[in-house]
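I have placed the structure first, in the form of structure tokens, so that the comments after it can refer back to it.
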Amino acid sequence: MGYPQIVTRQLKARGFTATLANLGIPTAVIGRDFETLAQQYNRFIVGNFIDQELPFVPRNSTLVTIFAGGNEVNTITAALGGGAGGVDPAGYIDRQVMAFANDYATLVSGLRDRANGARIIALNPPNLAGTPSLASASLAQRQAAQRASVGMAAAVNAFTSQGVAVVDLMCDSRTYLPSTYSSDGFHPSDAGYTFIANEILSAATTSSYPPPRSSCPQNTVVPNP
């Protein structure tokens, strides 16, 4: 019931020929820098998109989806909790967001090189401060997660200028419904994956899929410090 499988079934039901290559790795982050950072602060990470997934994208792919940001936000907040950032946590978060944007550019460029005929659909991250996983977290942790999430969503949104379609999870109110999440409050439920799959399907089959919003109430689900 993951979104890649649902999208594949829905495409076939519409008469498309669809073969799924699901390269997702549980716990993976976008690049080696985030993988190393996570391991420094005792987060279990088994790989990254650029090194362990990008090289295996089939060259004849016609549709590629990217969903990054959640594990990276959790990595940043874990690092802050371990003392990273010192007296300037906001500056630390912003530097990590810039690293994420650079990794994203590497990933998109690599996809263009491997499968230059593919339509790329990216999902920006939700504001993790508004998800059930952080409902009982401290205000400081939620503020840090919000700053990182909003920054990463903006970084993903910028790739619309390069022809990437972006599914706007950040500004979609459905993203923040408790029913969208499984029992851990972080991973989508079956209903959540279906909602995501429907948006991907729309982005894949229409030339007029709306661009992501640059600002919305979901950018500030907790007050900024």
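For this structure, a couple of remarks:
- As a calculated quantity, the FRET efficiency between residue 187 and residue 102 at R0 = 22 Å, using C-beta atoms, amounts to about 0.25.
- Whether segment 113-202 is rounded, prolate or oblate, judged on the alpha carbon gyration tensor where a/c under 1.5 counts as rounded: oblate
- Peptides 20-26, 104-110 ranked from most to least packed by the mean count of surrounding Cβ atoms within 10 Å: 104-110, 20-26.
- Across segment 25-30, rounded Karplus estimates of 3J(HN,Hα) from the backbone phi angles (6.51 cos²θ - 1.76 cosθ + 1.60, θ = phi - 60°) give 10, x, 6, 5, 10, 6 Hz, Gly and Pro being marked x.
- When the helices of the chain are scored as -39500 (n - 2.57) per DSSP H run of n ≥ 4 and the total is divided over every residue, the value at 222 nm lands at -14000 deg cm²/dmol.
- Once C-alpha pairs closer than 8 Å and six or more residues apart are averaged by separation and normalised to the residue number of the chain, the relative contact order reads 22 percent.
- Along segment 209-220 the Karplus relation, 6.51 cos²θ - 1.76 cosθ + 1.60 evaluated at θ = phi - 60°, assigns HN-Hα couplings of 5, x, x, x, 7, 7, 8, 6, x, 5, 5, 9 Hz to successive residues, with x for each Gly and Pro.
- Local electrostatic count, residue 89, Cβ distance below 12 Å [Lys/Arg +1, Asp/Glu -1]: 0
- The chain: projected area of the alpha-carbon convex hull, averaged over directions, in nm²: 11.7 nm²
- Taking the Cα centre of the chain as reference, the dipole from Cβ charges on Lys and Arg (+1) and Asp and Glu (-1) amounts to some 480 debye.
- Between amide H atoms placed 1.01 Å from N, distances below 5 Å from residue 66 occur with 121, 122, 123, all of them 5 or more places distant or on a separate chain.
- Since only 173, 118, 41 are under comparison, the one whose Cα sits farthest along the positive direction of the charge dipole of the chain, derived from C-beta charges on Lys, Arg, Asp and Glu, is 118.
- Rounded if a/c under 1.5, otherwise prolate or oblate - segment 157-220, Cα gyration tensor axes: oblate
Quick note: the coordinates plus some simple rules give every number you see, no bench work behind them. Since the model is a prediction, treat every value here as computed from it, not as a measurement. FYI the Cβ positions are ideal-geometry reconstructions off the backbone, even for glycines, and counts take in every protein chain you see.
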